[in-house]
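The values are calculated or read from the model by the stated rules, or taken from the named source; none is laboratory data. Bear in mind the structure is a predicted one, so any value in this text is a computation, not a measurement. Here Cβ is always computed from backbone atoms with ideal geometry, including for glycine, and neighbour counts include all displayed protein chains.
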Amino acid sequence: MDFLNFLHHDLSIKILTSLEDPSDLVRFGAVSRSWQHFVIKNGLCKQLCLRMFPQLSRVDHVNELSGPARGHAEAGCSNFNEWEALKREHRVYAFLARGCLSFAIRECISEAIIASSTDNYPEESIDNTLEPRDRVARRASYWSSKGQKNPAVPETLTYRLCADLCVITEISIRPFRAYFQLGNPIYSANSVRFQMGHIKSSVDNLVSESFQDCGNEKFVWTYTSEEFMMAQENKLQTFKLPEPVLCIGGILQIELLGRVQKQEMDGLYYICVSHVEVMGRPLSPAFGIQMLEPSEKFMLEARSYTPPPPPVPEQASSASTLQMRVRDLEQIVNLLRENGGNLVDIIEYGYGWDLQGEESDEEDIDIQ
């Protein structure tokens, strides 16, 4: 006996929308053709995705770049075209729900884009926040804002993620401790907030340099988090989002709210960040988006129904090592510029890199 035939339609919908695992909906639809028809016709997988990620309300329509072959039908048959569109939505949203819950979790930052201000560029640029070490080539690695008399002046750090669609679960920030200043002050923010979205299509290019404004007119934000308090401690502080968030467009902005540390030499308040990490599930290359301006909606594309392979630890370690070496070279180039290209002076005064390793970077050296 098919109980759906004996229940009111709204009650059947109420029961099935109580399912939280997309696999349950797929299994339900596999019981019989009538049940599959019910799931597809009522867009239950789409409703599940919208409950999981309200940001998907901006989807205008979905598309498949690869999918099952279509059967032949009479040209211009509206009922057939409508049913094919519903089946396409069902496939896309069912796989999207699966990917959002099962694709591998990894570091999601691709590159640093813009800081709202930078005290000394490029020595203290936002690029330094991608470096997990707090010293590179025996030199401090951190981003520093410009100094302010008013401790309430905020700052922002903006990053590009590794995919246009990422499910973000947590963000970690390490404030910088100025070990070369008297008292080893820690230049943390009072609190942080996170925004996610995409670059406006009218913006041609964004470059990582010392911008004096946060550039909010260049972005469309589809999510803004609550405010999280930050401790004035020199450690990687993890801010776990209450629910995973689907970042549509691959742009993350960190708002650093309030300053707590004044620099003794000039009496101004600064915020300094040593390192930033963003953990989540990139949905690329299985999914992609195309923004539809000026509506701020987008087309959701299923580019492949093959889940991406999990990252190989050896490859991840090799890529991380390569990035660290590149940053080492960048620091060396900056040192050469500051010293007029005199490599001898750099080594002589103790600013050289350690050819035997980075062990000395872990020591706590006070320069007072």
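When you look at Tyr159, is it in contact with a Ser or Thr (Cβ under 7 Å, 6 or more places away or on another chain) and at pLDDT 95 or above, yes or no? So that I can check it myself, show each step before the final result.
Details: in contact with a Ser or Thr (Cβ under 7 Å, 6 or more places away or on another chain): no; at pLDDT 95 or above: yes.
Judged against the criteria, Tyr159 is not a match.
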| task | Among what's in the range 264-305 and is in a strand (DSSP E or B) and of a type in the set (Val, Ile, Thr), pick the residue that is nearest to Tyr93 (Cα to Cα). | result | Ile289
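Please specify each residue of the range 33-58 satisfying the condition of being in contact with a helix residue (DSSP H, G or I) (Cβ under 9 Å, 6 or more places away or on another chain) and within 17 Å of Gly99 (Cα to Cα).
Leu44, Cys45, Lys46, Gln47, Leu48, Cys49, Leu50, Met52, Phe53, Leu56
Does Asp60 satisfy the criteria of being farther than 29 Å from Leu165 by Cα, modelled with pLDDT of 80 or more and not in a loop (DSSP other than H, G, I, E, B)?
Values: farther than 29 Å from Leu165 by Cα: no; modelled with pLDDT of 80 or more: yes; not in a loop (DSSP other than H, G, I, E, B): yes.
When the stated conditions are applied, Asp60 does not pass them.
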| note | Flagged in the range 224-248 as crowded, with 18+ Cβ neighbours inside 10 Å, at pLDDT below 95 and more than 26 Å from Pro132 (Cβ to Cβ), in numbering order, are Ile248
| request: Report, by residue number, each residue of the range 3-28 that is touching a residue at least 12 places away in the same chain (Cβ under 8 Å) and aromatic (Phe, Trp, Tyr). | output: Phe28
